[in-house]
């Protein structure tokens, strides 16, 4: 009886975990993004820095003109390592983002690997940018 | 109101920190682990598993652990919340999570006030019946759902329709 109970508990737990994980579409990390390089340029509308990660909203220019994009940048230590300071990220500043966009075409969200401001590159993920 | 919470010195400190934020994050997880880890055996016992095991000693060990975990999870959770209060407050997933936590706590409180649970000496009748069984199953479902939604808050933050308009 006890052994059977244990088995039932394990099976129920496994079932619940499977249902939970199979439904999830990752946002943290990189799983939610495509593998292709994505570039977008725009002017900064809002800036929110800090944990769990910083976030910019951009009024896109060029081929994405008229769209409002949300760009994930790093957590404090990553931005600091790249030299990306609060003073650089002022509303109205034009920035170019190189990174990965969300797979879901409805989602105007991208994660930055490199931020370019006034011709200068700030590499948040040098190891992902490669050479 | 939530924007002003984000301006609190402790909120700004956490937002800008390198180590404090992941530490608080870990504390939140440890709290949840203690709470959920302690409550599942109790809930399963209520739901009808391990009928040969007396409830009283199980309760004596597991209830304080669950309460400790709850306190830790709430304390760390409040700290995580204030760091980005406006975003979380606007998130439908976060709001739903809070409703589930409230329901889970109400379920626990109802169980605690129930005569079967209050009875010092366990009798055959005290833990039998459909209500403790329902409460045990409801407790597991509610806490698990709250944990799942808590994770989804991070994963679906920018998904259209899951955040109320600014």
### Task
Starting from the Kirkwood radius over alpha-carbon pairs of region B:22-98, derive D by Stokes-Einstein at 20 °C in a medium of 1.002 mPa s and give it in µm² s⁻¹.
154 µm²/s
### Message
Percent of Cα-Cα pairs more than 19 Å apart in chain B, please.
### Response
60 percent
### Query
Using the beta-carbon distance between residue B:105 and residue A:104 and R0 = 45 Å, what value does 1/(1 + (r/R0)^6) give for FRET efficiency, to the nearest 0.05?
0.80
### Task
Just grab the label-to-label distance for residue B:19 and residue B:89, each label 7 Å out from Cα along the Cβ direction, in nm (one decimal).
3.2 nm
### Summary
Checking B:94, B:156, B:36 against a Gaussian network model of chain B (alpha-carbon springs below 10 Å), the top fluctuating residue turns out to be B:156
### Inter-site label distance for residue B:114 and residue A:78 at 7 Å from Cα along Cβ, in nm
4.6 nm
### Estimated 222 nm signal from helices in chain B, with DSSP H stretches of n ≥ 4 weighted -39500 (n - 2.57), rounded to 500
-25500 deg cm²/dmol
### Query
By how many degrees, between 0 and 90 and to the nearest 10, does the Cα long axis of helix B:130-155 differ from the longest principal axis of chain B?
20 degrees
### Message
Can you compute the modelled spin-label distance between residue A:91 and residue A:64, with each label point 7 Å from Cα toward Cβ, in nm?
### Response
2.1 nm
### Query
So how tilted is helix B:20-47 from the main axis of chain B? Cα-based, degrees 0 to 90, rounded to 10.
20 degrees
## Note on the structure
Here the Cα Rg-to-2.2 N^0.38 Å ratio for region A:19-131 is 1.04
### Task
For region B:1-55, just the Cα set please: Rg and Dmax, both in angstrom.
19.1, 54
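A short reminder: the numbers here are calculations on the coordinates, not readings from a lab. Keep in mind it's a predicted model, so treat the numbers as computed, not measured. Here Cβ is always computed from backbone atoms with ideal geometry, including for glycine, and neighbour counts include all displayed protein chains.
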